[in-house]
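What follows is one structure encoded as structure tokens, with my remarks underneath.
The values are calculated or read from the model by the stated rules, or taken from the named source; none is laboratory data. These numbers were taken from a predicted model, which means no experiment stands behind them. A quick note on method: Cβ atoms are made from the backbone with ideal geometry, for glycine too, and the neighbour counts reach across all protein chains shown. SASA here: full protein model, heavy atoms, side chains in, ligands and nucleic acids out. Shrake-Rupley method; radii C 1.70, N 1.55, O 1.52, S 1.80 Å.
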Amino acid sequence: MPVRTEVVASFYQDSVILMRAAARVRELPGVREVAMFMGTPANHELLEQIGLATEDGRRAGPNDLIITVHAEGDDAAAGAIAAARAALLETRQAREASSEFRPRSLDSALRMMPEANLVSLSIPGPYVKAEALAALRRGLHLFIFSDNVPVADEIEIKREAVGRNRLCMGPDQGTAYLGGVALGFANVVARGRVGCVAASGTGLQAVVSRLAALGEGVSHAIGVGGRDLSEAVGGLMTLKALDALAADAGTEAIVLVSKPPHPSVLERVNERLAHIAKPTVVCCIGAEPQAGGDTVFVETLDAAADAVVAELHRRTWLPRRFSEPEQIGVQWANLAERDRCAGRRILGLYTGGTLAYETDHLLRQALGPEHAHRIVDLGDDRYTVGRPHPMIDPSLRSEMIVQAGTDPTIAVLLVDLVIGQGAHENPAPALAAAANEAKRRAERDGRSVAVLAYVLGTAGDPQDLEAQTEHLRAAGIHLFPTNADAARFAAMLTEPRLHATWMNGENT
């Protein structure tokens, strides 16, 4: 199968445009893979890693566009190259024909919007520091979507931000809300009285979506990036965000969401929380439970929302294994595939990294740290080289779901469906079609596969939450109100002894 490369000299394109164009070309008949990158040193390394580097491509410079296609034949490769060029030319012509002014520098953008107080950066990681420091020196807050930023650069940027009393959200931060304005991947939620600090994107989305379902809204949700609570970064922005929310008159309660912080950083965070007079809830997935003080520590994302709402309404919150145990009991009784799952494996294919992390933690807790199940975060760098994030382009996951139907060891497929601003405009049909095909292949071989899903979204999201969930139900996918519910239900299917313990005893 030929690999063909074409280099377009001096044809700079934004990485998001390139990923979207590549996704379109990848759908053409006979096309196995497509990579569209500018010829930067980092991108040359990526092409080598994924096996799509060619002699022509290696000669490209940073301002040159590399289009490489792996296809089933020469005609398919040539057609894919032509389609890629046509898609990019169409995009460029549309932008040039637009009357909208597109600034080419930070200063020109500020001349256009002198009232702006925040800049969003989505550029290659090595270039982030210079642009971030320039923005801070102009008095701007930062939302850094970019990943692959050196940790030393992150520390320097955040120290500068703290010194200038500015927020630095990120790097690698996918979601935030400031004053009712959503940034990055975000769900439509009302302005309200709960402030959030989050070192994750989908973890924050899960919490605010649950808050919306419970009738509460968000004052501000400050994303700090996945490394902020590491020993190296030291919680620089987490501590600042907690102080900002503690001082904000519109924030009546605070939620902190993260993976386990470094112990030294967690100690600093606990000290800061102890001085905040407002109700505080902490969800550090997988961390050792904390005792003492007025802060409520919870284990799961849905529990973080439930606990803070209970605090606001002055109700006692008690942890529960399942959010709606009666509904879980009905689903268990009615699940046709139930008796054919015991002793087989779970495969989790997630578009949300924090959801995958939470699922893996809960399975380890229920089944032991050496369980044989596999939980995959498809938003990880190894799956997104040359591809849009799976919340934008679900095609890779669809392929993996279909393939799972041929694996006799797999009994349960765990998936998420994330909707909202920035996500795929209608993701349910692709997921439903892939699940149906996986189940068909399993049934052809005399087996069954149960597909369990958690839909992360709100009634206000543009994809229509109700329509998305109904599409999945019609495909025989079993839906759960929380990600934790789906993960624990999957554990019960493969280890039925858990059902007797969990459903016939205390729901805690």
Exercise. Kindly list the number of the only condition in (1) surrounded by fewer than 19 Cβ atoms within 10 Å (Cβ to Cβ); (2) touching a strand residue (DSSP E or B) at 6+ places or on another chain (Cβ under 9 Å); (3) touching a residue at least 60 places away in the same chain (Cβ under 8 Å) that fails for G73.
Key: (2)
Practice problem: Scan segment 318-338 and report the pairs whose first residue is of a type in the set (V, I, T) and modelled with pLDDT of 90 or more and whose second residue is outside any loop (DSSP other than H, G, I, E, B) and open to solvent by less than 40 Å² (accessible area, probe 1.4 Å), with Cβ atoms within less than 7 Å and a gap of 6+ or a chain change. | Solution: I328/D485; I328/F489
Practice problem: Determine whether segment 229-243 contains at least one residue that is in a loop (DSSP other than H, G, I, E, B), touching a residue at least 12 places away in the same chain (Cβ under 8 Å) and under 25 Å from G180 (Cβ atoms). | Solution: no
Practice problem: Tally the residues that are open to solvent by 10 Å² or more (accessible area, probe 1.4 Å), out of contact with any Ser or Thr (no Cβ under 9 Å at 6 or more places or on another chain) and part of a loop (DSSP other than H, G, I, E, B), restricting the search to segment 137-165. | Solution: 7
Exercise. Return the residue satisfying two criteria in turn: it lies in segment 396-412 and is under 24 Å from G174 (Cβ atoms) and open to solvent by less than 30 Å² (accessible area, probe 1.4 Å), and of such residues it is modelled with the highest pLDDT.
Key: I401
Quiz item: Can you name the residue in segment 367-390 that is in contact with a Ser or Thr (Cβ under 9 Å, 6 or more places away or on another chain) and not in a loop (DSSP other than H, G, I, E, B) and, of all such residues, is surrounded by the fewest Cβ atoms within 10 Å (Cβ to Cβ)?
Solution: L367
Self-check item: Extreme residue, least open to solvent (accessible area, probe 1.4 Å), among residues of segment 327-350 that are within 13 Å of E495 (Cβ to Cβ) and of a type in the set (D, E, K, R)
Solution: R344
Quiz item: List the pairs whose first member sits in segment 37-51 and is open to solvent by 20 Å² or more (accessible area, probe 1.4 Å), whose second member is of a type outside the set (A, V, I, L, M) and in a helix (DSSP H, G or I), and whose Cβ atoms are under 6 Å apart, counting only residues at least 6 apart or on separate chains?
Solution: F37/N43
Exercise. Tell me, please, whether a residue that is among the basic types (K, R), in contact with a Leu (Cβ under 6 Å, 6 or more places away or on another chain) and either closer than 27 Å to I67 by Cβ or outside any strand (DSSP E or B) (or both) can be found in segment 391-399.
Key: yes
Quiz item: Just one of D416, D393, D461, D485 is within 30 Å of V218 (Cα to Cα), at pLDDT below 95 and surrounded by 20 or more Cβ atoms within 10 Å (Cβ to Cβ); which is it?
Solution: D393
Quiz item: Just wondering, is there one or more residues in segment 426-441 that are in contact (Cβ under 8 Å) with a residue 40 or more places away in the chain and within 20 Å of A212 (Cα to Cα)?
Solution: no
Quiz item: Just one of the numbered conditions (1) touching a Lys or Arg at 6+ places or on another chain (Cβ under 7 Å); (2) within 21 Å of K158 (Cα to Cα) is not true of S219; which one?
Solution: (2)
Exercise. Could you grab the pairs with beta carbons closer than 9 Å, sequence gap of 6+ or different chains, first residue in segment 1-15 and more than 25 Å from Q93 (Cβ to Cβ), second one open to solvent by less than 70 Å² (accessible area, probe 1.4 Å) and charged (D, E, K, R)?
Key: V3/E33
